[in-house]
Amino acid sequence: MSEKMGTARAEVQGGLPTIAFKVDLCANGHNLTRMKRSYLPAIPKWAIRLLVVGFATGVGWVVWGYGKTADLQRGAQLYSEHCAVCHGAQLEGQPDWQIADENGILPAPPHNRYGHTWHHADAMLEDYIRRGGQAVLDDMGVSMTSGMPAFGSILSDDDVGAILAFIKSTWPKRIQAVQASKNDG
């Protein structure tokens, strides 16, 4: 860099002191505005290929993720329309869901990690949604009264699957793994 970096002068204008500073942009004795551009050394071809592969992989993951997101959004919408009125907008269930009311019916349980939904295999959950809780409990020989209505005439199999996928997506990975293990048998 040149030894002369700039000059400063002080003046008084309109009774107020002002400072003017002029900078001389020089490097190695050449004015920077007249210097030729310098470029970084060329990037090796292997690095460019790695960047291209990385970008393509990233795009693939984004497309895959978008598809999953769209399915989960559909499941969330269906849950909101058909399930949230009883099971809660945040999957929190009804208060005191483990205590039967005066008619012997348990309030709607939560579908979040604090409920028991994840304790059951997909086939049972799908059956419960399609046929309603009482039909399933009667077939299982469980002496309990369920308030869960049947949605088989309202929701398609794809709708039921989308709702369950949405519910499962809200669980921690550990709980997802426990519930998934119930489907292997």
Query raised in the report: Can you give the extra length, in nm with one decimal, that the chain gains between Cys86 and Ile105 once fully stretched, where that is 0.36 nm per residue apart less the Cα-Cα distance?
Result: 5.5 nm
Query raised in the report: Ignoring any ligand, DNA or RNA, what whole percent of the accessible area of the range 107-185 comes from carbon and sulfur when the probe is 1.4 angstrom?
Result: 55
Report summary line: Expressed per residue, the solvent accessible area of the range 103-152 in Å² (1.4 Å probe) is about 51
**Report entry** Cβ crowding within 10 Å averaged over residues, with 137-146, 152-161 ranked highest first
**Finding:** 152-161, 137-146
Requested in this report: Using a 1.4 Å probe and counting only protein heavy atoms, arrange Ile99, Ile163 so the residue with the most accessible area comes first.
Outcome: Ile99, Ile163
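The values are calculated or read from the model by the stated rules, or taken from the named source; none is laboratory data. Model, not experiment: these values are computed from the prediction. Glycine also receives a Cβ, built like all others from the backbone with ideal geometry; neighbour counts cover every protein chain displayed. These area figures cover heavy atoms from the full protein model, side chains too; ligands, DNA and RNA do not enter into them. Shrake-Rupley method; radii C 1.70, N 1.55, O 1.52, S 1.80 Å.
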